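The values are calculated or read from the model by the stated rules, or taken from the named source; none is laboratory data. Since the structure is predicted, the reported quantities are computational estimates derived from the model, not experimental observations. A quick note on method: Cβ atoms are made from the backbone with ideal geometry, for glycine too, and the neighbour counts reach across all protein chains shown.
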Amino acid sequence: MAAATLSFTDWLLGWRDRLLSSPAFHRAASGFALTRPIAHRHAREVFDLVAGFVYSQVLAACVKLDLFKTLSRGPQSLSVLATQFGMTREAAERLLTAAQSLKLVEKRGLDAHGEQRYGLGRLGAPLVDNEAVLAMVEHHAVLYADLADPLSLLRGIGPPPSLSEYYPYTADSALTGAAEIAPEKVASYSRLMSASQPLVAAEILDAFSFSGHRHLLDVGGGEGRFLVSVAERHPHLKMSLFDLPPVAANAQQRFQAAGISDRAQAHGGNFLADSLPTGADIASLVRVIHDHDDERASTILRSIRRALPTGGTLVLAEPMSGTPGAEAMGDAYFGFYLLAMGRDQARTAEQLTDLLKKAGFGKIRLLPTRIPLKVRMLVAEAI
């Protein structure tokens with residue numbers, strides 16, 4: 001078979017690949033003053049890929065020990081921290097040294113007894129009381145267990161991933177069995193989603209104003225934290241939430257505790273099989289569609305279109321593939337997370353736009369958010 005003719009681009013990239021894989025080139029680049037910083041940066045990037053799991057476990061250990069909350073009250077000595085950790089000084093120092101290298105903690109001088117003190121680092125300080133990130137770090141133990149054999153996961157062999165059991169609504173039986181899902185089956189994932197909702201609620205509310213609307217329907221709204229955030233900014237707005245019956249029951253309790261039950265109502269059901277409540281002029285889908293394949297996503301979007309009047313608005317917010325500057329988040333992290341869930345993968349804004357058009361929406365626009373890594377937003381009109 002004759003060799004395929006290479007394009008100039010293929011030839012050029014092949015030359016680059018051969019150069020970057022050459023040990024001699026790396027030695028030369030590391031030794032030349034002008035290229036040394038680039039060579040060092042590339043070496044760090046490669047090593048970070050190799051060591052990433054270890055870094056994440058250092059963070060997990062700090063989270064489990066509630067280290068950031070402890071240090072938020074002021075610097076602590078090594079001995080005090082070792083006692084609190086329930087480990088030897090040597091083990092505590094090993095952990096703290098590792099955390100310092102990741103900028104999670106930093107040394108803060110010596111105490112009156114000449115012992116090293118530690119305080120919050122530049123990356124550790126934002127984690128104090130950050131319920132969303134802390135919950136995700138602890139939850140990742142389930143994901144990492146599923147990723148222990150990535151090839152089996154990709155090939156679809158072996159036992160079902162644990163993550164697919166964590167989210168009961170992803171099972172095929174969820175199409176007809178919403179009323180049969182016991183509260184304890186949804187408790188863990190509901191807590192996680194509720195804890196992580198603040199990550200995106202502020203982004204959505206800063207990017208889009210609900211002030212021109214009268215009634216918001218939040219589809220797959222979980223335990224209602226997003227609607228509580230909306231209610232704080234828009235006291236005029238009537239709100240409805242739709243989710244699985246045991247989840248909706250928890251949401252109604254949250255509405256009562258927040259003092260908004262007079263204008264916020266939770267409805268239980270299955271958005272893959274049941275009709276959605278009508279009467280809203282705007283609907284929201286926050287981190288819902290990326291959990292479902294195209295068929296199910298289309299079912300959800302068509303159901304929302306039927307529930308909205310012509311001219312009604314849909315706000316779709318979730319992490320998206322191909323987000324500039326956050327490609328690893330959308331394509332690597334969510335790509336494998338959703339695979340372990342047994343679902344589809346993160347979609348690009350263009351792919352979501354296509355699904356929206358097929359479901360009966362138009363005038364679709366992508367709204368800028370402050371931190372696209374957390375969430376991106378599409379706003380569409382029911383036509």
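Are any of the residues in the stretch 265-273 assigned to a strand (DSSP E or B), in the same structural domain as Ala195 (by TED's automatic domain parsing) and crowded, with 24+ Cβ neighbours inside 10 Å? Checked the stretch 265-273: at least one residue is assigned to a strand (DSSP E or B), in the same structural domain as Ala195 (by TED's automatic domain parsing) and crowded, with 24+ Cβ neighbours inside 10 Å.
For beta carbons closer than 8 Å, sequence separation of 6+ or different chains, a first residue in the stretch 47-66 that is on the phi < 0 side of the Ramachandran plot and a second that is aromatic (Phe, Trp, Tyr) and surrounded by 11 or more Cβ atoms within 10 Å (Cβ to Cβ), the qualifying pairs are Asp48/Tyr55; Phe53/Tyr144; Ser56/Tyr144; Cys62/Phe68; Leu65/Phe85.
In the stretch 268-286, the residues that are within 20 Å of Asn250 (Cα to Cα) reach residues that are aromatic (Phe, Trp, Tyr) with C-beta atoms within less than 7 angstrom, at least six apart or across chains, in these pairs: Gly269/Phe242; Phe271/Phe242; Leu276/Phe242; Pro277/Phe242; Val286/Phe226. Arg36 satisfies every condition listed in (1) free of Cβ contacts under 8 Å to residues at least 24 places away in the same chain; (2) touching a strand residue (DSSP E or B) at 6+ places or on another chain (Cβ under 9 Å) except (2).
From the list Arg225, Arg214, the lone residue that is among the basic types (Lys, Arg) and touching a helix residue (DSSP H, G or I) at 6+ places or on another chain (Cβ under 8 Å) is Arg225. Lys103 versus (1) part of a helix (DSSP H, G or I); (2) touching a Lys or Arg at 6+ places or on another chain (Cβ under 9 Å): which is the lone unmet condition? The single condition Lys103 does not satisfy is (1).
Within the stretch 274-295, the residues that satisfy the criterion of being part of a helix (DSSP H, G or I) and over 21 Å from Met193 (Cβ atoms) are Asp294, Glu295. Is it the case that Leu301 is in the same structural domain as Phe361 (by TED's automatic domain parsing), crowded, with 20+ Cβ neighbours inside 10 Å and part of a strand (DSSP E or B)? Here the answer is no, as Leu301 does not meet what is asked. For the stretch 361-370, the condition holds for no residue, the condition being that it is modelled with pLDDT under 95, under 14 Å from the mean Cα position of the chain (by Cα) and assigned to a loop (DSSP other than H, G, I, E, B).
Scanning the stretch 259-301 for residues that are under 19 Å from His213 (Cα atoms) and of a type outside the set (A, V, I, L, M, F, W, C) yields Ser261, Asp262, Arg263, Gln265, Pro277, Thr278, Gly279, Asp281, Ser284. Looking across Thr70, Thr5, one residue alone is among the hydroxyl-bearing types (Ser, Thr, Tyr) and either under 33 Å from the mean Cα position of the chain (by Cα) or part of a helix (DSSP H, G or I) (or both). It is Thr70. Taken over the stretch 106-115, the criterion of being modelled with pLDDT under 95 and either part of a loop (DSSP other than H, G, I, E, B) or surrounded by 13 or more Cβ atoms within 10 Å (Cβ to Cβ) (or both) is satisfied by Asp111, Ala112, His113, Gly114, Glu115. For the residues Val379, Val375, the requirement of being closer than 21 Å to Arg302 by Cβ, crowded, with 18+ Cβ neighbours inside 10 Å and touching a residue at least 40 places away in the same chain (Cβ under 8 Å) singles out Val379. Between Leu241, Leu227, the distinction of being more than 21 Å from Ala297 (Cβ to Cβ) and modelled with pLDDT of 95 or more belongs to Leu227 only.
The C-beta contact set for the stretch 193-204 (first residue assigned by TED's automatic domain parsing to the domain that holds His234 and within 10 Å of Ala132 (Cβ to Cβ), second residue aromatic (Phe, Trp, Tyr) and assigned to a helix (DSSP H, G or I), distance under 8 angstrom, 6+ apart or interchain) comprises Gln197/Phe226; Val200/Phe226; Ala201/Phe226. For the stretch 320-335, the condition of being in contact with a Pro (Cβ under 9 Å, 6 or more places away or on another chain), surrounded by 22 or more Cβ atoms within 10 Å (Cβ to Cβ) and within 28 Å of Glu232 (Cα to Cα) holds for at least one residue. Only one entry of Arg306, Arg287, Arg302 meets the criterion of being among the basic types (Lys, Arg), at pLDDT below 95 and out of contact with any Lys or Arg (no Cβ under 8 Å at 6 or more places or on another chain), and that entry is Arg287.
Farther than 18 Å from Ala332 by Cβ, crowded, with 18+ Cβ neighbours inside 10 Å, at pLDDT 95 or above and touching a strand residue (DSSP E or B) at 6+ places or on another chain (Cβ under 6 Å), is that true of Gly124? Criteria met by Gly124. Applying a threshold of 6 Å to beta carbon distances and a minimum spacing of six or more residues, or different chains, the list of pairs starting in the stretch 313-333 at a residue that is under 11 Å from Ala349 (Cα atoms) and assigned by TED's automatic domain parsing to the domain that holds Leu356 and ending at one that is surrounded by fewer than 18 Cβ atoms within 10 Å (Cβ to Cβ) and charged (D, E, K, R) reads Ser321/Asp331. Does any residue of the stretch 133-142 turn out to be part of a helix (DSSP H, G or I) and farther than 28 Å from Met341 by Cβ? Checking the stretch 133-142: not a single residue is part of a helix (DSSP H, G or I) and farther than 28 Å from Met341 by Cβ.
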